[in-house]
Every structure is written in structure tokens, then in C-alpha cells.
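Have a look at this one before I ask anything.
Where a number appears in this text, it was derived from the coordinates with a stated rule and is not lab data. Please read these numbers as outputs of a predicted model, since none were measured by experiment. Counting neighbours? That spans all protein chains shown, and the Cβs are built from the backbone with ideal geometry, glycine included.
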Protein chains: 2
Amino acid sequence: MARTIDRDARKVELAEAVWQVIIDKGISAVSVRTVAQQAGVVVGSLRHVFPTRAELLVFSAELMVQRATERVRAAPGYPSKVEHALEIVKHFLPLEPDTRAELEVNIALIAESPALPELTSIRDHAYRGLGDACLQIAEMLAGRPRDPALVRSARRLHALIDGLAIHLLIEASERDNVWAIEILQEELVRIGGTEQSVH
Amino acid sequence: MARTIDRDARKVELAEAVWQVIIDKGISAVSVRTVAQQAGVVVGSLRHVFPTRAELLVFSAELMVQRATERVRAAPGYPSKVEHALEIVKHFLPLEPDTRAELEVNIALIAESPALPELTSIRDHAYRGLGDACLQIAEMLAGRPRDPALVRSARRLHALIDGLAIHLLIEASERDNVWAIEILQEELVRIGGTEQSVH
DNA sequence: GAGACTCTAGCACGCTCGTGCTAGATTCGT
DNA sequence: ACGAATCTAGCACGAGCGTGCTAGAGTCTC
């Protein structure tokens, strides 16, 4: 029926369809057929863009990581160091539908990595990316370059973020995310030093 | 060709086969056929004990939760409060092959809960159980009954445990788990020590 | 207009899946 | 010894899976 579609746009559409299927029916429901149906195309069209299932999944995972990276990079600056850090860190929590989807996809990646070795490197890349971000935040807050104590603080922050993310995902029904943010804010203040008081 | 096998023992064997398949090939490789093969029985025998796939998975998940609970309950007592708490908390981290398997199964549960609604209640039960354990540990360490500040400390500890668990799972190749335990120990000391209630 | 290219549509193959079903082997209760 | 209960073994069915393949519709280039 058509020709010269925007190939990249189509890829993005299909990747988003993958995410939606993961959210709705779980990772093991992701097949070329379910994804094509979700995207409103026939299997042949999907396979014209992604010849194999593995390519579809790899692209979907990479796009997710890329989206998250861009979103963090585009975070607005704030005068207060702690506020700025909190604004960045909030993007790692499943507070919005899209960030929630990202986390579900991320968990699906971890869960399926034994089956799809291609995905482990993407998972590791995302993991290290978040770890580096935590380290940079810690450096900014403490106002000094990294040292062993700061590395540990960053690791602790990283663990806290991932743990809270899971808890927010599980306690989806409840509306109050405030406690999680408060815990994080407290942690950021603690890294920043003794002087700064909680707002 | 036998009769009157120990039905419960067989169920446990099959559940352990489920875990092994999850670890080796991921959650979506779990089928009655793969599990039966892993357990060294034919599909008919498996289905004699677990008529449907859902029953197999539900039992496997419940057994995992039960095992973890028992393991924590059986943890030896220590004179020092912090040491005692640390000994309990260590059981929640993937430091040994079996606890590692438990975490992988747990993640698989979260990842597949959209597809298998029966599993969400088990997942929630496990989640609340760990949350309660953290609260009890916090009460013991602080030496006072729960109050809002202590509840928050417990939630923070809970998040830290889950986050560190994931990190240990991902950084499987590296042998040093020391940093994670040190971070936890620090947190336990902090709960037990002077409580600066950040409001 | 004609041919080349791109994309859609879908058939077909061999595989695995969950599950209903039967038949045979083994052991128990009597 | 014999029927009954229990367990093993496996066939069969319909469904869904990934993927190779062809046919045709649409659009671009010349």
C-alpha cells in the first residue's frame, strides 16, 4: 500500500509496541505476532524492518536505554545542588507511565538474560550508566573528586534508587510516592555534607 | 514403575527443577516439558502431580518464599544486636547459590506477573514479609517500638537490601561482596545508634 | 510509460507449547 | 491371589511460535 516509510520512525513504533506488550502481558508474551498486532501491522511488515526476533528485542532495549539517558541529560538545572540532584534521580524512579514502562522492560531484561545473551551487554551498559550517574551526583554534592568513601556513597545511592524503584513498582496501586522521594532527598543531603538542611 | 512415591518430596523435586530451568534458560523457557526433563521424569508423571502449568509455578513460587522464611527463622543468634541483624539480612542477599536462585526466581515472578495473575499475590506476600522483617530488625536495633521515623528507617533498609541484591546479581562475576555487606552494616549501625530524626 | 525498488500481505514449514486422554506397569489392601 | 489404587509412559490435538518464501501493490527514477 505504501512506500518509503520513515524506517527509523517505524522502528521506534515497533519498539514501543514491544514495551506495551511487556507491560500488558509479560515478557514471554513478546512474539513477532503479538508485537505486530500491537503496532497494527502485519508480521511481514515487521519482519521487513526487523528480520529476526532478536533484532527486535535488542533495538527495543537499546532505545529504552537511550531514551532514559536523554531524559536525564535534558533535566533542568536548579540552583540548589540537592534539588538538582533530586530532579535527576527522580527520573530513575517509576513515577510516570513511561519511566514505569522502562523499569518493567529493564526487569524483563534481567529476567530473560539467560535466554538472550545479546541482551546482557545492554543490561550491563544500563547498569554501569546508572552507577556512573550516581557517582557524578555524589561528586557534585560533596564538591570533591571521587575517593573511596565517595565511591561507597555513590554505590549506596545507586542501590537505594534501584530498591525504591522496585518498591514503587510493586506498590503501584498506592498514590503516595512521597516517602520514597523523601528517603532519597535525605540520602542526597547526607552525601552533600553536614551543613545543608532539609528544605 | 513404582507406586506410592512421596508426593511432597516429588513436588519439591519438581519445584527445584523449575528454579534450575529459570536460572539456566530464563523464565520463558519454563514449560512442562523442560521442567520434566530437568527433573528426569516424563511429562505424564509431572502432570500427575501438577495437572496444570499454573499449579506447578504457583507451588514453586510458594516453596521459594517458604524456604527463605525458614532460613531466616533458623538464623543463629548473636550477642551483638548489629551482628545478629546482619546475619539475618545477609540471607536476603544473593551470596550463595540457593539465595541467588531465589532472587532470580523472584525477579522472574515480577517480570511475569502480568501474564500470571496468580503469582502477584505470592510476590506481594514475599514483599510484605521482607518489609515486616526489616521493621522488626529496626525495632530491635533501635530498642523501641515502631514510630514514623523508625518505619521510614525500615523502608530505607528494605530498599537498600533489594537494591544491593540486584547489584550483586548483576555483578556476578566479581568475587567481592564485601562492599555490599559493609554498606548494610553501616546502615544497621545507623539505625541502632542515635536517631537523628530528619523530619 | 517502463522498469526498479520498497513495502505489504500472507502462506508454509517444522517446531514447541499446554493439556486431554488412554494403556500398561507396579504395589497395596484384603 | 486378586481387584483397586497409584504412578509411568506417551500419543494426539489445536494453538502459537520463528522464520523462509513468494506474490502483489504502491511509488520512485529514468
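Using the structure shown, decide if A:A29 is in contact with a Leu (Cβ under 7 Å, 6 or more places away or on another chain), without any contact (Cβ under 8 Å) to a residue 60 or more places away in the chain and near DNA strand D (Cβ under 9 Å from one of its atoms).
no
If I filter the stretch A:122-148 down to residues being of a type in the set (A, V, I, L, M) and free of Cβ contacts under 8 Å to residues at least 40 places away in the same chain, which single residue comes out as nearest to A:A54 (Cα to Cα)?
Looking at the filtered set, the residue picked out is A:L130.
Identify, please: which residue in the stretch A:40-64 is crowded, with 20+ Cβ neighbours inside 10 Å and hydrophobic (A, V, I, L, M, F, W, C) and is, among those, nearest to DNA strand C (Cβ to nearest atom)?
A:L46
Quickly run through the stretch B:42-62 and pick out the residues that are out of contact with any helix residue (DSSP H, G or I) (no Cβ under 8 Å at 6 or more places or on another chain) and within 14 Å of DNA strand D (Cβ to nearest atom).
Hits for the stretch B:42-62 are B:G44, B:H48, B:P51, B:T52.
Okay, next question. Does the stretch B:177-185 contain any residue that is surrounded by 22 or more Cβ atoms within 10 Å (Cβ to Cβ) and within 13 Å of chain A (Cβ to nearest Cβ)?
Taking every residue of the stretch B:177-185 in turn, at least one turns out to be surrounded by 22 or more Cβ atoms within 10 Å (Cβ to Cβ) and within 13 Å of chain A (Cβ to nearest Cβ).
Something else: Please go through the stretch B:78-101 and give me each residue that is in contact (Cβ under 8 Å) with a residue 60 or more places away in the chain and either within 14 Å of B:A165 (Cβ to Cβ) or aromatic (F, W, Y) (or both), ordered by number.
Residues of the stretch B:78-101 that are in contact (Cβ under 8 Å) with a residue 60 or more places away in the chain, as a first pass: B:81-82, B:85-86, B:89-90, B:92-95, B:100-101.
Listed by number, the residues that qualify are B:V89, B:K90, B:F92, B:L93, B:P94, B:L95, B:R100, B:A101.
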